[in-house]
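To start, the structure under review is shown below, and the notes come after it.
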Amino acid sequence: MTWQDMDPTTHPFRPDEALDAVREIVASPDPESGHPRGFWSTNSLARGLAEYYGSWAFGCCYQVDESPYSGMIIRELPPSGHGAHDLEQQAQRYTSALLQWRAWLEELASFYAQFAPGPGASDEELRRLRERAVAPLVTLVVERTAAGELWLGPCSTALAWYLESTGMSPDEAEDCADEVVDSAFQSWVAPDEEAVSRAAKAVGERGA
């Protein structure tokens, strides 16, 4: 999904109402099986969240891995117990995931605003701005994911969304971010200054 789909500044959200909304979604029937979404599948639940909140909410279900070394955005949820067979426990867990995901999107939006190009920025100014943004953005992702096994995915996504927010097309932003992250960084390893510098230079060399 693109940053336009995810940008919290254009998708209103009431966190105080989230639990009640998720309770309804978890208990609602899956359109294919007729079973409660919370008992049927993660994908069914994700579709229900997206139908209620918009496509930004879909991602919260696929950014979860409770291993502390997973490298995912969401690594802590309320204890599951027998949650697979308890709609209230499911609602509590999915609400936590939704709130954490929303908080991450808001943190990214704040970061992107800090590194947004000014009106009339030249191509050269835009390239230099993107290059300067790489190091603090990577630091933000590493702090959130602890550079665990799967951290390259969230890093690439955050970089692609940033590039898109500065005017790069979504497809080009995704290609650039994937190429830069895959070539400069490794799973399980927090990148050193040299690796981050290589990534920043590669981003700065892409056309505006």
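Estimated translational diffusion coefficient (Stokes-Einstein, Kirkwood radius over Cα pairs, 37 °C, 0.692 mPa s) of the range 120-207: 258 µm² per second. Share of carbon and sulfur in the accessible area of the range 97-208 stands at 49%, probe radius 1.4 Å. When the Kirkwood radius is taken over all Cα pairs of the range 48-147, what Stokes-Einstein diffusion coefficient follows at 25 °C and 0.890 mPa s, in µm²/s? It comes out at roughly 156 µm²/s.
For the chain, what does the helix formula give at 222 nm: sum of -39500 (n - 2.57) over DSSP H segments with n ≥ 4, over the residue count, nearest 500 deg cm²/dmol? Could you put the intermediate results ahead of the total?
Values: 9 runs with 122 residues, N = 208.
Rounded to the nearest 500, it is -19000 deg cm²/dmol.
Over all other residues within a Cβ to Cβ distance under 11 Å of G71, the charged ones net out to 0, with Lys and Arg as +1 and Asp and Glu as -1.
For the range 94-155, the spread of Cα positions along the three principal axes, ordered from largest to smallest, is 43, 24, 14 Å.
For the chain, what's the relative contact order in percent, using C-alpha pairs closer than 8 Å and at least 6 residues apart? All intermediate terms of the calculation are to be shown ahead of the outcome.
Details: 275 pairs, mean separation 41.5, N = 208.
Rounded, it is 20 percent for the chain.
What a 1.4 Å probe finds exposed on the range 1-69 is 52% carbon and sulfur by accessible area, rounded to a whole percent.
Helices that extend 15 Å or more along their long axis by alpha-carbon positions and average at least 1.6 on the Kyte-Doolittle scale are absent among the DSSP H runs of the chain.
The values are calculated or read from the model by the stated rules, or taken from the named source; none is laboratory data. A quick note: this is a predicted structure, and the numbers were derived from the prediction, not measured. For neighbour counting, all protein chains shown are included, and Cβ atoms are generated from backbone atoms with ideal geometry for every residue, glycine included. Note: accessible area is taken over every heavy atom of the protein model, side chains too, but ligands, DNA and RNA are not part of it. Shrake-Rupley method; radii C 1.70, N 1.55, O 1.52, S 1.80 Å.
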